[in-house]
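Worksheet for the structure shown next.
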Amino acid sequence: MGAPRGRERPRGACRFRGLRLVAAFRLPQLAVDAELAGEPENRGQHDEGEKYGYGQEAQECVHGSTVVRPDRFRQWQDCHTASNYCHTRLMLKNVAALLLDEVHPFELGVLCEVFGLDRSDEGLPVTDFAVVSAEGPVLRTHAGFTISTPYGLDRLEEADLVAVPAGSHFVGREYPVEVLDALRRAVERGARVLSVCSGAFVLGAAGLLDGRRCTTHWRHAQELARRFPEARVEPDVLYVDDGPVITSAGTAAGIDAALHLVRQAHGPAVANAVARRMVVPPHRDGGQAQYIKRPLPRTRCDTVGETLAWMEAHLDQEMTVEQLAAQTHMSPRTFARRFQQETGTTPYRWLLRQRMLLAQHLLETSDETMDTIAGRTGFGNAAALRHQFVRVLGTTPNAYRRTFRGPAELTEVA
């Protein structure tokens, strides 16, 4: 248990209170696909893996995250430095982690590590950090041990930031009314709230996601959108900062969101120093779209099944709707309509998806150069391949390869 405020503490000590373990924009179409006719003019704006509404004046994509800037923070847009180096000097002196039963220890540990350690020996600011129980003095974790804390919900009233880590069954459970009221009061008095992974469901139950952009673990994104239809769920980013509400994707994305808040409050030098101590990158390329395994569903395709097999076997070739329609002895218009009915998508999107999947596979398993991979997948050249990777996955082919192959496996590639 940390020392009371105002009392001398040894440098380097943990400043925990009450924790005890008891065992859009749209890019132009690629030339290689230019002859795929019949696509709507705004195609791709709502594809999986793309962000929504990035053309809005008060919103910006930063390192695989969405940062929505309310009017009172518009001065960020006037900063001539890169957006990730601007900060608003938000108050972040007092942080409370709000725990519910069956909390996940890793997500709680992220909050303790970023906000709960005293790094004053390195000249870094100290945060008054407390672990708060929403359901009694002793809570179970999903890992089989318990956590006890003397702090109840009244501790939230003094926090600048209330952080909600993930927990088991958070997706479908009900939450105590007093917990939801406490979260609403925190936002009303000007505090910020942060969720890690499925902690977003707690914020949603409090009504704090209504009308706001938000995210959660990609596995739960559809359920979050279903349960809270007023929320604007972005399933492919690492975190979303929408005014007083910050939501992060699964597990380690909580580190990205927490460091983002440190950067806002104390500047990039402090955030980078904290990241170095944690041995993590201060920023991560791309969003969580690159971590989602997305095989195309096997649907019953009575009419275009043979054409799909041919397309999959000839991804390196240019294709037009007219050519594909001729193989099925249909007019281009009829073919495009039947294709949509039987696959649930358009020929352009189906082909792009297959090419992306093949490119991801080759990046993960081969040492082929970028130009070779681009040729085998039908993108034509490395620049076109990079263009689509950034557009769909929010990261570059080289960064993707580094992420999904260990350093010992990597060889020099062009």
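Some observations on this one:
- Annotation: amide H of ALA163 within the under-5 Å range of ALA96, ALA97, LEU98, LEU194, sequence separation 5 or more or interchain, hydrogens built in the peptide plane.
- Cα point-scatterer Debye curve for segment 226-269, base-10 log of I(q)/I(0) at q = 0.15, 0.29 Å⁻¹: -0.42, -1.09
- For ARG173 and HIS329, the FRET efficiency from 1/(1 + (r/R0)^6), where r spans their Cβ atoms and R0 equals 56 Å, is about 0.55.
- Each Lys or Arg adds one and each Asp or Glu subtracts one; over the other residues with Cβ under 10 Å from the Cβ of GLU157, this totals +1.
- Computed 3J(HN,Hα) for segment 185-201, one whole-Hz value per residue from the Karplus formula 6.51 cos²θ - 1.76 cosθ + 1.60 where θ = phi - 60°, is 5, 4, 5, 4, 8, x, 6, 10, 10, 10, 10, 10, 6, 6, x, 4, 5, glycine and proline marked x.
- Modelled spin-label separation between ARG376 and ASP154, with each label point placed 7 Å from Cα along the Cα-to-Cβ direction: 6.6 nm.
- Largest to smallest accessible area among ARG353, ARG401 [probe 1.4 Å]: ARG353, ARG401
- Residue-by-residue Karplus 3J(HN,Hα) for segment 157-166, coefficients 6.51, -1.76, 1.60, Hz, glycine and proline x: 5, 9, 7, 7, 9, 10, 10, 10, x, 6
- Put simply, when 210-222, 137-149, 233-245 are sorted by average Cβ atoms within 10 angstrom per residue, most first, you get 233-245, 210-222, 137-149.
The values are calculated or read from the model by the stated rules, or taken from the named source; none is laboratory data. Here the structure is a predicted model, which means the values were calculated and not measured. Virtual Cβ from ideal backbone geometry, glycine too; neighbours counted across all protein chains shown. For accessibility, only protein heavy atoms count, side chains too; no ligands or nucleic acids. Shrake-Rupley method; radii C 1.70, N 1.55, O 1.52, S 1.80 Å.
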